[in-house]
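K.L.:
One structure, as structure tokens, below. Some questions next.
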């Protein structure tokens, strides 16, 4: 689960203010091969199975890449075996987050979260919402979504949007 932090003033967590290669303006520091997975990522995807160990190793490579570019991740709790983290806005604007995420982690993260969707926080919130509306919730996210639609309940209502 990733979140971009909106920079308000100077972000002390990335070394303060000033004109540097990592200010909010896009620069030429982003490597041009943003779509190319690293050798380690390609190797972890070779068997077309994503294990928890693969997921964590990919996250560590992503985190290391961000750190080496001067934008350490802000790592939160792990929920449902999914790491919660944030990045500073400048890393997004400059393309560093996209580069590191795509190079080291994206396909692992997406696959792992899809594998976990039936036990995700969002799925549990929908189950609670269905129970509150007198409906016995199903097991899978696809079935939960169908139950919401059949009952005329907006997903956003259950997720608190």
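Bear in mind that the values in this text are calculations on the coordinates, not laboratory data. For clarity, every value in this text was computed on a predicted model and none was experimentally measured. All Cβ positions, even for glycine, are placed from backbone atoms using ideal geometry, and neighbour counts span all protein chains on display.
K.L.:
Applying the selection to the stretch 70-81, what residues are on the phi < 0 side of the Ramachandran plot, surrounded by fewer than 19 Cβ atoms within 10 Å (Cβ to Cβ) and in contact (Cβ under 8 Å) with a residue 12 or more places away in the chain?
P.N.:
Listed by number, the residues that qualify are 72, 74, 75, 79.
K.L.:
Right, something else. Find the residue count for the stretch 122-158, including only residues that are loosely packed, with under 14 Cβ neighbours inside 10 Å and under 30 Å from residue 90 (Cβ atoms).
P.N.:
Total meeting the criteria: 0.
K.L.:
Condition (residue is touching a strand residue (DSSP E or B) at 6+ places or on another chain (Cβ under 9 Å), surrounded by fewer than 17 Cβ atoms within 10 Å (Cβ to Cβ) and assigned to a strand (DSSP E or B)) applied to the stretch 46-57: is it met by at least one residue?
P.N.:
Looking for residues that are touching a strand residue (DSSP E or B) at 6+ places or on another chain (Cβ under 9 Å), surrounded by fewer than 17 Cβ atoms within 10 Å (Cβ to Cβ) and assigned to a strand (DSSP E or B), one finds none in the stretch 46-57, hence no.
K.L.:
Here's a follow-up. List the helices (runs of 4 or more DSSP H) that sit entirely inside the stretch 62-161 and contain at least 1 residues that are out of contact with any strand residue (DSSP E or B) (no Cβ under 6 Å at 6 or more places or on another chain) and more than 29 Å from residue 48 (Cβ to Cβ).
P.N.:
89-93, 121-132, 141-151, 155-159
K.L.:
Of all residues in the stretch 39-63 being more than 24 Å from residue 121 (Cβ to Cβ) and touching a residue at least 12 places away in the same chain (Cβ under 8 Å), which is nearest to the chain's Cα centre (by Cα)?
P.N.:
61
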